Amino acid sequence: RSFFGIEPQYQVPSYVEFTHVTQLPWFLLLGLLAGVLGAAFLKLLRHSELLFSRVSQPLYARMALGGLVVGAIATGFPQVWGNGYGATNQILHDQYELSFLFGLFVAKLLATLMTVGSGAVGGVFTPTLFLGAGLGGLFGMTLHAGHVAETLPTAAFALAGMGSVLAATTHSPLLAMIMVFEISLNYTLMPPLMVACAVSTLVARGLDPETIYTEPLRQKGLETERESAQPGAATQQTVGDLMRDPVPPLKQTSTFHEIADRFLTSSNNFLPVVDDKNSLVGLVALQDLKEYLNAGQELNGVIAYDVMRPPPKCLTPNQKLLDALPVLLNSEQRNVPVISSQKERRLVGAVARAEALGLLSEAIAPRSTPGG
């Protein structure tokens, strides 16, 4: 504040205040909606990341695709660009029509999903506040359109929406309340904000045990505090929870020299081979290439199809990690391929064998206790 002054980032109109306890039920209802939105937002982020992981292109290409979609959205709703401070303040000052605000809400949601899903560094904190303000604004404007709760300004619902959606995505109602108070410097809505944040947190926890910050840790195989208290929790994880980008595949027509270059520039002992539909058709083993070299054969006409092994047993994203144990134990690969389904066999990712077996070993083995 010494450097930037005491002006709040979000400007709340001076007429916004909480006047009577009979107004609380509206904020309870808003908290219910915010809890549903928070849990849905997390699931949509998860699916967006999974969708982009199935695009068999390098990270920069996926980010470019995400940027292209966000750019297309911004042609209709330029407010989705950046941190959204300006648009959020517009919502707090009731500057948008109901229909436009609904479109802007959907556009911001899609833009955030595309940004995060494609791997771009965009963050989710300010988009969460934006979506919360949008939800609260839509809720308040809808009530006013029906001549209900007209004594409560739209800004009151927008501010409560910001806090309650933040609480729903973090499962931290106290944090959300303090953050909203600090960034708005408005303390007049404490009772309704407490109600909305508490309700949204309870609803969100019931719908999804993860938060917007613990979910990425879970996907990387890192145990959260909640999971560490549950023996064997890792056995309930799916292959999709541990899935990472697939090992860049070879084509069936890749030359011997291309294959050799790929092995020289990677630490993989196997490389997947796909057809024109990106379906897994086989594997090339580093050991097999050594045999070709030792045999002294003419290699100019040799392609991946000639040296590949038949496709192995693979994993699928929805498969339980415990059910995948036989495949993991029998696999020689450091990164076990993950396919869309056993029928379609489209290559969508890979699971690090050592990481998966390590998690299962810790989950299955009895935990030591002090003095035990």
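The values are calculated or read from the model by the stated rules, or taken from the named source; none is laboratory data. Keep in mind that what you see is a predicted model, and the values were worked out from it rather than measured. So basically every Cβ, Gly included, is an ideal-geometry build from the backbone, and we count neighbours across all protein chains shown.
General remarks:
- Within the option set GLY86, GLY66, being of a type outside the set (A, V, I, L, M, F, W, C) and without any contact (Cβ under 8 Å) to a residue 12 or more places away in the chain holds for one residue only, GLY86.
- Residue in segment 121-143 that is farther than 22 Å from PHE41 by Cβ and either free of Cβ contacts under 8 Å to residues at least 60 places away in the same chain or in contact with a Gly (Cβ under 7 Å, 6 or more places away or on another chain) (or both) present: no
- The helices (runs of 4 or more DSSP H) located wholly in segment 169-270 that include 2 or more residues which are surrounded by 19 or more Cβ atoms within 10 Å (Cβ to Cβ) and at pLDDT 85 or above occupy 173-184, 190-207, 239-242, 256-264.
- Whichever residue in segment 69-83 is assigned to a helix (DSSP H, G or I) and either touching a Lys or Arg at 6+ places or on another chain (Cβ under 7 Å) or touching a residue at least 40 places away in the same chain (Cβ under 8 Å) (or both) and, among such residues, is nearest to PHE157 (Cα to Cα): VAL80
- The lone exception for THR151 - which of (1) crowded, with 19+ Cβ neighbours inside 10 Å; (2) modelled with pLDDT under 85; (3) of a type outside the set (A, V, I, L, M) it fails: (1)
- Just one of (1) assigned to a loop (DSSP other than H, G, I, E, B); (2) touching a helix residue (DSSP H, G or I) at 6+ places or on another chain (Cβ under 9 Å); (3) surrounded by fewer than 20 Cβ atoms within 10 Å (Cβ to Cβ) fails for TYR96. It is (3).
- When TYR10 is tested against (1) aromatic (Phe, Trp, Tyr); (2) in the same structural domain as LEU207 (by TED's automatic domain parsing); (3) under 21 Å from VAL180 (Cα atoms), just one condition goes unmet, and that condition is (2).
- TRP81 meets each of the listed conditions (1) crowded, with 18+ Cβ neighbours inside 10 Å; (2) of a type outside the set (Val, Ile, Thr); (3) under 30 Å from ASP245 (Cβ atoms) apart from (1).
- Some residue of segment 319-332 being out of contact with any Lys or Arg (no Cβ under 7 Å at 6 or more places or on another chain), buried (at least 17 other Cβ atoms within 10 Å of the Cβ) and over 26 Å from PHE52 (Cα atoms): no
- Only one of the listed residues (VAL273, VAL281) is touching a helix residue (DSSP H, G or I) at 6+ places or on another chain (Cβ under 7 Å), assigned to a strand (DSSP E or B), closer than 23 Å to VAL55 by Cα and modelled with pLDDT of 90 or more. That residue is VAL273.
Condition check ((1) aromatic (Phe, Trp, Tyr); (2) without any contact (Cβ under 8 Å) to a residue 40 or more places away in the chain) across all residues:
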{"site": "SER266", "(1), (2)": "no, yes"}
{"site": "PRO272", "(1), (2)": "no, no"}
{"site": "SER279", "(1), (2)": "no, no"}
{"site": "ALA285", "(1), (2)": "no, no"}
{"site": "LEU299", "(1), (2)": "no, no"}
{"site": "TYR305", "(1), (2)": "yes, no"}
{"site": "THR316", "(1), (2)": "no, no"}
{"site": "LEU322", "(1), (2)": "no, no"}
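- Residues of segment 169-183 classified as among the hydrophobic types (A, V, I, L, M, F, W, C) and in contact with a Leu (Cβ under 7 Å, 6 or more places away or on another chain), total: 4
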